[in-house]
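The values are calculated or read from the model by the stated rules, or taken from the named source; none is laboratory data. Owing to the predicted nature of the structure, the values given are computational and were not obtained by experimental measurement. In this analysis, Cβ positions are derived from the backbone assuming ideal geometry, glycine residues included, and neighbour counts consider all displayed protein chains. Ligands, DNA and RNA are stripped out before the accessible areas are found, and what is left, the full protein with its side chains, is counted by its heavy atoms. Shrake-Rupley method; radii C 1.70, N 1.55, O 1.52, S 1.80 Å.
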Amino acid sequence: MQKPLVSILIPFKNTGAYLKPCLTSIINQSYSNWELLIIDDGSTDDSFDIVNSFALKDARIQLYKNIGNGIIDALQLAFSKSSGELITRMDSDDIMLPNKIKVLAHNLITHGTQHVAVGLVNYFAEDGIKDGYKSYEVWLNGLTEKGINFSEIYKECVIPSPCWMVYRSDFIACDAFNPNLYPEDYDLAFRFYKHGFKCIPCNEVLHNWRDYNTRTSRTHVHYAENHFIDIKLKYFLELDYNPDKTLIIWGAGKKGKTIAKKLIEKKIPFEWICDNPNKIGRDIYGVILKPFNYLAETGHAQSIITVANKSEQKDILEYMKGLNLKPIEDYVFFC
């Protein structure tokens, strides 16, 4: 029986230094029934010529120039040109491990529609990985091994943008990459979550994720922290906010204040707590900060936790567990 065709979507712009190993890793996949829809998003280096040289040798590689502008337009174009039953994404500066497509496809076919196949990732860089990226890798892989990615979706993007696979029908059902909402990978994760898809546990490293100083996620305004807050709050209010509970912001740092402003703009009432004695009792934006034990007194609350300190987060989590509170239903970490 013919294995399902896998459509691989890749946008690229000025990644000539990394395209050869990327494309070679795709060509060398143990799963051979794939097509690559790769879109040039206005490169000014030799990227187009490099991809074209590969496309001339392998009919599975289809090269196009973006008729719009930006990653989302490029991804939309790539999908419009695709015909595979299974859809996946790849970054033009990364490297697939040889069994990546085989493992993702096998897991997805085994579990069926309404599932997301994911795999473990490995960050790498010529000058070494920064602590923040290593911490993200460990956290993300820990979720993926258990298939519980969506349990912490409000912290960070829980689906590695270049290491997932879904059925075409599910991709269409969640209206992926439409409309233009950045960061597009985080928005896609929320769309999967919104439609009740389940992540398939995986304990294999399938993707080498390259980090470097000029990487788009490091330099483009679309991937700035304020966009992460916007997308988190948008989906929280749409999917998980319970207006019958007292909404509480925990933490009065920069992120807490940003969220407070946005809630005020939306005319959504909230209480505000913290464990900083220098802030308790202060009036910020017309809201008086209360001590953290106010949470136990309310008895029927839903908290947005904005405290960034990892040690304090652990203490808060233990405090929540001590009150028999449930994640997402009773509290979400926005950090």
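In debye, nearest 20: dipole of the chain around its Cα centre with unit charges on the Cβ of K, R (+) and D, E (-)?
Roughly 360 debye for the chain.
Please say if the range 6-143 is rounded, prolate or oblate, where rounded means a/c under 1.5 for a ≥ b ≥ c the square roots of the C-alpha gyration tensor eigenvalues, and otherwise the choice is prolate for a/b larger than b/c and oblate otherwise?
oblate
Add -39500 (n - 2.57) for each DSSP H run of 4 or more in the chain, then divide by its residues: what number comes out at 222 nm, to the nearest 500 deg cm²/dmol?
-10500 deg cm²/dmol
Got the relative contact order for the chain handy, in percent, Cα pairs under 8 Å and 6 or more residues apart?
16 percent
Could you order H106, H111 by accessible surface area, starting with the largest, using a probe radius of 1.4 Å?
Most to least solvent-accessible, the answer reads H106, H111.
With a bin width of 10 angstrom, please list the P(r) values of the range 1-65 as percents of all Cα-Cα pairs, from the 0 bin to the one holding the largest distance.
Reading the bins upward from 0: 21, 56, 19, 4, 0.
To the nearest 10 degrees, how steeply does helix 100-111 sit against the main Cα axis of the chain, on a 0 to 90 scale?
Helix 100-111 and the main axis of the chain meet at about 60 degrees.
To the nearest Å, what is the center-to-center distance of the range 261-288 and the range 30-62, using C-alpha atoms only?
52 Å
Sort the following peptides by mean Cβ neighbour count (other Cβ atoms within 10 Å, averaged over residues), highest first: 272-280, 260-268, 124-132.
272-280, 260-268, 124-132
Any chance you could tell me what percent of the C-alpha pair distances in the chain go past 35 Å?
The answer is 27 percent, as a whole percent.
What aspartates and glutamates sit close enough to K100 to cross-link, taking a C-alpha to C-alpha distance under 14 Å and skipping anything fewer than 8 places away on the same chain?
D91, E204
Taking all protein chains as present, what is the carbon and sulfur share of the accessible area of the chain, in % to the nearest whole number, probe 1.4 Å?
51 percent
Determine the alpha carbon to alpha carbon distance for each of K130/K232; K155/K245; K3/K65; K194/K310; K234/K326; K266/K314 and list only those over 32 Å.
Distance filter (> 32 Å) returns an empty set.
With a 1.4 Å probe and all protein chains left in place, how much accessible area per residue does the chain have, in Å²?
Using a 1.4 Å probe on heavy atoms only, each residue of the chain averages 45 Å².
Can you tell me the orientation of helix 184-194 relative to the chain, as the angle in degrees between its alpha-carbon axis and the longest Cα principal axis, to the nearest 10?
70 degrees
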